[in-house]
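Let me begin by presenting the structure, written as C-alpha cells, before commenting on it.
Readers should treat all values here as calculations from the given coordinates under stated rules, not as data from a laboratory. The structure displayed is predicted, hence computed values, not measured ones. Quick reminder, even Gly has a Cβ in these numbers, built from the backbone with ideal geometry, and neighbours come from all protein chains shown.
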Amino acid sequence: MHNKLYKRIILLVGLVVLISAAVIYFTFDIRALQYLSLFSPQCVLMALGSLAIGLFFDGMRLVTLAKVTDEHLGMSDVVKVVLSNYFLALVTPGATGGAIAQIMFMRRAGVPVTRSTVIILVRTLMSIIFLILMLPFFMSIDKGITMWIPMPIITFFCVLFLALPFAAVLLMHTDYPERAIYSASRHISHERRRQAFRAYHDFRHAVYIMGKQPLMVFRAFVESGLSLTFIYMTVPCYFTALKFHFDWILTMGRLYLLNLVLYFTPTPGGSGVAEAGFVVLFQNVVPSGTVGILAVLWRFTAEYIPFMLGAVITLRAFGSNVLSIAEQHMKQQALKNKAVENQSLHKLNRTDEEEPLPHGKDGGVS
C-alpha cells in the first residue's frame, strides 16, 4: 500500500510536469521574453497573500458550518481539514479522497461522521451555487463569451440550476424523491441504486440541519464566496506582475466560469482541463506567448502549493499507509449506510406491492 501511494504521487507529478511543459511549449512566443523581463517579484508575494486569505476564509466557512451542526473545530483541525482535501483529492480517482480526508480529520477532532458528511456536502454546494450566481452578472459584460453563448441562454441555465436546490428542499417534505429514485433505479446495478439513496439521504439530512440556523448558513455562504474570490485573485496578481493593462472584472468572471466547469471534470484536480480552459479564455487577454506560463503559475499557486502542504500534514497524521486507511473508512461508512438504504428500499417495495404512498405523509424531513 505504501508503494501504491508513492506510485500515484509519481504519476501525478509526471502528469503535471507533462501538461505544464506541453502548455508552455505550444503557447510560447519569443515576444513573451519582453514581458517576462518586466516581471515584478513582489506580485508573487501578492498572489501568495491572496491564496492565504482565500484559505483562511475557507477555514472560517468550515468553523461556521461546524457550529451550525453544534460541533467545534479548533484552528489546527481546520488547517488539517482544508489542506488534506487538496492532497487526497489529487491522488485518488475522481477526487473522491478529498471528502474522505476531511471526514478522517474531522473524526479525529471529535465530529461524528454523519455531521462531517453534512458539512462537506453543504460546503461543496455553497461553492457551486456561489459560482452559478456570479455568472449572469459577469457574463453580461463579457462580450467575448456572450458572442458564443447568448446571454438569455446563460441566464436561463443559471436560474434553472439555482431553482433545483430550492425545489429539492420543497420536495423533501413529500414522498416523491424516494419514489422517483426507486422507479428510476430499477434497471441499474444494486450498488448504484444504493449510491442514489445514499446521496438523497445525505442531502435530506443536510437540509434538515442547515434549516435550523439560516443566518449562520448565510454567513458561511458569504465566507465561501470570499474564499473562492481571493483564491482566484492569484491570477490578476500574476497579470499585474507582467505590467500590461487588463480588465479585472472580465478576468474574475472568466475565472468563475472556468472553476465552475472544473467541479465536474474527472481528471485529478482538473489537471489538463484547467490549463486548456485557461488558454482558451485568456489567450486574447494576455500578451502574446505568455498565456501558457501564466496558466502554469496559476495552477502551481492555487492547486499544487496547498497540495504539497496537505501532503505533509496528511502523511504526518496517518503515515504513508493513508490510502488503505481511507479505503477502510469508506468500507465502514458503506456498511453503516446500508441499513438506512435497505430500510428505504424495503418500505418502497412493500408500498409498491400494496398501494401508492399517500402524498406528503411519509416523506417529511426528520
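Annotations for the structure displayed:
- Centre-to-centre, using Cα atoms only, the range 92-170 and the range 254-291 are separated by 18 Å.
- As a proxy for reagent exposure, ranking R61, R123, R316, R107 by other Cβ atoms within 10 Å from fewest up yields R316, R107, R123, R61.
- A Cβ-based charge dipole, computed about the Cα centre of the chain with Lys and Arg at +1 and Asp and Glu at -1, lands at about 660 debye.
- Here is the size of the range 1-155 from its Cα atoms: Rg then Dmax, 20.2, 58 Å.
- Net +/- balance of residues flanking L51 in space, Cβ distance below 14 Å, scoring K and R +1, D and E -1: -1
- Lysine pair count for the chain (Cα-Cα distance under 24 Å; residues 8 or more apart in sequence or on different chains): 13.
- Among F230, F197, the ranking by other beta carbons within 10 Å of each residue's beta carbon, starting with the fewest, stands as F230, F197.
- Cβ-placed point charges (K, R +1; D, E -1), dipole of the range 49-155 about Cα centre in debye, nearest 20: 140 debye
- Taking every DSSP helix (H) stretch of at least 4 residues in the chain, weighting each as -39,500 (n - 2.57) and dividing the sum by the residue count yields a mean residue ellipticity at 222 nm of -25500 deg cm²/dmol.
- Entry for mean projected area of the Cα convex hull in nm² (calculated from the structure that is shown) out of [x] 20.0; [y] 22.3; [z] 23.2: [x]
- Given charges at Cβ of Lys, Arg, Asp, Glu: the chain dipole, positive-most of T27, P112, F300: P112
- Ranked by how many other Cβ atoms sit within 10 Å of their own Cβ, fewest first, the residues L255, L83 fall in the order L83, L255.
- The packing ranking, built from the mean of other Cβ atoms within 10 Å per residue, places the peptides 306-313, 264-271, 113-120, 208-215 in the order 113-120, 306-313, 264-271, 208-215, highest first.
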